[in-house]
Every structure is written in structure tokens, then in C-alpha cells.
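The values are calculated or read from the model by the stated rules, or taken from the named source; none is laboratory data. Computed from a prediction, not measured in an experiment: that's the story for all the values here. We place every Cβ from the backbone using ideal geometry, glycine too, and count neighbours over all the protein chains shown. Note: accessible area is taken over every heavy atom of the protein model, side chains too, but ligands, DNA and RNA are not part of it. Shrake-Rupley method; radii C 1.70, N 1.55, O 1.52, S 1.80 Å.
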Amino acid sequence: MGASQLGKYQLVAEIARGGMGIVYLAVAQGPARFSKLLVVKELKPEFVEDEAFLEMFLEEARLAARLSHPNIVQTYEVGEENRRHYIVMDYLDGVTLARILRRKAPQFTRNMQLRVICEILQGLHYAHTLKDFDGSDLGIVHRDVTPQNVFVTFDGQAKIVDFGIAKALDSNIETRTGILKGKPAYMAPEQIGGDVDPRADVFSAGVMVWEAVADERMWSKKGDVEVLANMLKGEVPSIRE
């Protein structure tokens, strides 16, 4: 992909494509040859005309821009140019926890894995207890706390990324029927039923702790439908076994 411009950001390369957005590596340039690597997440063009999706994307941006914590990726700006809507975030030099666990080098010990989860819980606690300017609870819930959304930087920091489906409890935007937000293998039974509060994120982190202690996936070799059925019946694999 050739370089192109979006606002004051030069898009260098496409990094990823998700359900709603396209993620680019970008460079911001300023006076005195200042330049900084950043990540720009753009709402896919096909969703711009859809008011509900556009509102969801902008709500994500508004919430993310309020979060400032060492264990949460920093959002700097929300912008729009020629009907292209985008969010500008920190560029993190590192890998996802999911990728570390796939390769499972012996140097990455269980204690390290648990330390990463503890740091993520600190970031989540900050988000869960964040108050609005008038002192009322914002009630932010991430809703997709998984190893794919945990980033470990090469200098040893753990950061939670993609509050993309985070939702304030009093949000006026409803999840569309049929769109289940999050990954079933890490999802609390209440979340499957559509009842979401900060405890859903704690449950997801609990699954990650289970997997760190057992050294295997909690729902290994089970498909999403089977996982959902078991969860709704309250049948969770026993760590004692």
C-alpha cells in the first residue's frame, strides 16, 4: 500500500483490518524535523453512511480519549476529514500476549504471565472506576478482555488495547441484534445474555488466570457454539481436573 495522507498524518502501511475499522501505521511530522510513529484507526468507508455505526465509532473514540493510564494504550485525537473518521493512538513496540503464548518460550514463565494479567487488571480497575466531569460513574466496560487485546511491549509494559467495543453503562447505543461483542471463550455467562457491567471484564481476566495456572486453554478444542451452550448451563471446566 502506498503512503497517503489523513489529516496531518502520513499513513505508512496497513497493519490490520477488523470488523469496523482499518488500522494503519502512521507518522506525524512537526516543526524542527519532529516525527513520531503512531497508529491511526479509521472507520471503514462502508460504515460511514450508517449513523448507528458512526455513532458507535465516535463513542468509542470519546471514551478512549478519556482513558489515561500506564496499562492502557493512549488515545490522542479523534478526527474527521472528507467523511473519513479516525482515531489516533500510541504506537506500541511489542507483541500481543496471544502471540507470546502461541510460541510459549520457556523464558516466559508462569509468574511473568500472571504479572501481565495483574497489570491489565490495574488498567481495567482504572477504567471501571473512572468518573465523568460531574463526578458520576462513567461505567466503562471493555467487553473483550482476551490475550489478543493484551499487548506486551519489548521494554516490559503490559497494556490493554482496543476499547473498540467498550461501552459506557449509560450509553444510548444498543448492540445490534445478532452482533455478539467479545470472544465466547473468555465471556461471562451474563455477558452472553446481554447483561454487562465491570464484573464481565474481571471474569475474562479470571479465565486468563485459569489458563496461566493450568498451562492450557480453558475451552481447548471446543467451538464457540459449544462454549456458549456450556456457559449458559453454568458448566465451566474444573481447574482441579
When a/c reaches 1.5 or more, the comparison of a/b and b/c decides; with that in mind, is segment 29-120 rounded, prolate or oblate per its Cα gyration tensor?
prolate
Separation of the THR153 and ARG217 label points, Cα + 7 Å toward Cβ, nm
3.0
For PHE154, PHE47, PHE163, give the ranking by accessible area with the largest first, probe 1.4 Å.
PHE154, PHE47, PHE163
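Which order do you get for ARG99, ARG66 if you rank them by accessible area with a 1.4 Å probe, largest at the top? Working shown, then result.
Details: ARG99 100, ARG66 65 Å².
Reading off the accessible areas and sorting them downward yields ARG99, ARG66.
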FRET E, pair ASP50, ASN82, Förster distance 22 Å, beta-carbon r, rounded to 0.05
0.80
Taking amide hydrogens as modeled 1.01 Å from N in the peptide plane, which residues meet the under 5 Å criterion relative to GLY94, leaving out close sequence neighbours?
PHE154
Rounded to whole Å², per residue accessible area for the chain with a 1.4 Å probe reads 54
With all protein chains modelled, accessible area of ASP132 [1.4 Å, Å²]:
50
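Counting other Cβ atoms within 10 Å, which GluC sites (Glu not before Pro) in segment 1-109 have at most 13 and lie in a DSSP loop? Mind showing how you got there, number by number?
Working: sites: GLU14, GLU42, GLU46, GLU49, GLU51, GLU55, GLU59, GLU60, GLU77, GLU80, GLU81; in loops: GLU49.
Answer by residue number: GLU49.
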Which residues' amide hydrogens lie under 5 Å from the amide hydrogen of VAL236, considering only partners 5 or more residues apart or on another chain, with H built in the peptide plane?
none
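Hey, if we sort TRP219, TRP210 by accessible area with the 1.4 Å probe, largest down, what's the order?
Details: TRP219 15, TRP210 40 Å².
Largest accessible area first, the residues go TRP210, TRP219.
Given a Förster radius of 22 Å and the C-beta distance between VAL95 and VAL27 as r, what FRET efficiency does 1/(1 + (r/R0)^6) yield to the nearest 0.05? Could the numbers behind the result be given before it?
Numbers: r = 22 Å, r/R0 = 0.98.
Step by step, r from the Cβ atoms, then E = 0.55.
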At a probe size of 1.4 Å, how large is the accessible area of SER35, to the nearest 10 Å²?
70
Just how far, in whole angstrom, is segment 189-215 from segment 18-41 if you go by their alpha carbon centroids?
32
Taking amide H positions as placed 1.01 Å from N in the peptide plane, with prolines and chain starts having none, which residues 5 or more places from HIS85, or on another chain, fall under 5 Å of its amide H?
LEU43
Residue by residue through segment 109-122, the couplings from Karplus 6.51 cos²θ - 1.76 cosθ + 1.60 with θ = phi - 60°, in Hz, x for Gly and Pro, are 7, 4, 4, 5, 4, 5, 4, 4, 5, 4, 5, 5, 4, 5
